[in-house]
Every structure is written in C-alpha cells, then in structure tokens.
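Chemist: Following this message is one structure expressed as structure tokens.
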Ligand SMILES: Cc1cc2nc3c(=O)[nH]c(=O)nc-3n(C[C@H](O)[C@H](O)[C@H](O)COP(=O)(O)O)c2cc1C
C-alpha cells in the first residue's frame, strides 16, 4: 500500500477503512504502541512452560485483575490454561535474550533459566523487574487470539529495582534509547 501525505491532518495515512485490510500496515501502526515485555509461565505436570508476551494490561483494582491476549497459535498457552494459573514476569532491560528464547515456539525454554515457584506454583523468572501470579478467571474468544483474565493472588518486585525491557516498532529497546 502506498503511503500518502494529508496536508490537512499532517500525518501519513497508510491504510483506510475503504481499502482492503493490510496486515503489515496494521502491525506497523500498532508497533508504535511501545510496551513492556513479559514472560507468561505456568507448570503443567511438573514441567515449566511459558512464552514471551507484550499484551499484558492491568484491568481492575477491585477485584485485582489483569488481562493478556495469547494467540491461538501458541503451543504453551493451552498447557498454561489447563494448569489454571499463570505468572507474568515483567522483564528488566538486561533480559532481551530471555525474551527472544521464550518467543520461539515449543521446545524446552527453561533449561538454564533460574526461577522459583510463586503462590500458584507458576515460575517467577529470576532477575525480572516485577511479577504477578494469577488464577485463570476467564477466557474470551478474540479472532486469532483469546483475551484472558487472571485474578492476582500474589505479586512482587525484584530486589534489584532497575529499568524495564521495552518493545517498540518490532525491536527490543531500553528506556531513553534513540534510533
Ligand atoms: C515482544 C514480543 C511480544 C509478544 N507478545 C505476544 C502476545 O501478547 N501474545 C502472544 O500470543 N504471543 C506473543 N508473542 C509471540 C510469542 O512469544 C511466540 O509466538 C511464541 O513462539 C509462542 O510460543 P509457544 O508456541 O511456545 O507458546 C510475542 C513475541 C514477542 C517477541
């Protein structure tokens, strides 16, 4: 799709509702929404499972709820859903390698990864900035993803404090980094 400049609106229009939907444009536009990066994990039959996830939001204070959106293509998510609980470990700026490892589908991602069990037994990733341990409360269908709600049962912050790993325009970033 050819980008066109609108003098009136002063921004670049790359997709319009009256044109065929362009997935790459959609990804590019939504890629401007910078987020943190998390690993969503659980224990299924004593085996730790998890995947890299950015679609994490704080949803409700009373009761304490968070939401995230696993893709229907995720192989870890059905296993996590079966376990009925999950932990969201918020990655710190030095954990991009972990994020890359957990963004690969399947296999044993936990070899050599330091973790400890949260209240639900789900893995809390060592060195993460913060973590939220949840019981799975609801799964809602959402196109090629699901929207998942978790009730927070335990949470914490890493002792070292530190800064978050960010994801912006398809790249891992550190706060304040340019380019
Ligand atoms: C920064 C980043 C954010 C991601 N966020 C999500 C997400 O919110 N939901 C999702 O299902 N997959 C997300 N993914 C993709 C999964 O991590 C990836 O598809 C992974 O291979 C799934 O592994 P699995 O098949 O073992 O579950 C993200 C990947 C990256 C690199």
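Chemist: Relative contact order, percent, of the chain when contacts are C-alpha pairs under 8 Å separated by at least 6 residues?
Modeler: That works out to 24 percent.
Chemist: Also: For the pair residue 178 and residue 71, what calculated FRET efficiency results from E = 1/(1 + (r/R0)^6), where r is the Cβ-Cβ distance and R0 = 25 Å, to the nearest 0.05?
Modeler: Result of the calculation: an efficiency of 0.25.
Chemist: Quick one: P(r) of segment 27-169 from all Cα-Cα pairs, 10 Å bins, percents rounded to integers, in order of increasing distance.
Modeler: In order of increasing distance, the bins hold 12, 46, 36, 6 percent.
Chemist: Expressed as a whole number of Å, what is the distance separating the alpha-carbon centroids of segment 37-87 and segment 119-170?
Modeler: Centre-to-centre (Cα) distance: 7 Å.
Chemist: Next up: Please give the peptides 159-169, 78-88 ranked by average Cβ packing (other Cβ atoms within 10 Å per residue), highest first, as a rough proxy for protection.
Modeler: The peptides rank, most packed first, as 78-88, 159-169.
Chemist: On to the next question. Could you state the per residue volume, in Å³, of the convex hull enclosing the Cα atoms of segment 124-167?
Modeler: 92
Since every read-out is calculated from the coordinates, none of them should be taken as a lab result. Treat the numbers as computed from the prediction; the structure is a model and nothing was measured. Every residue, glycine among them, receives a Cβ derived from its backbone with ideal geometry; neighbour counts consider all protein chains shown.
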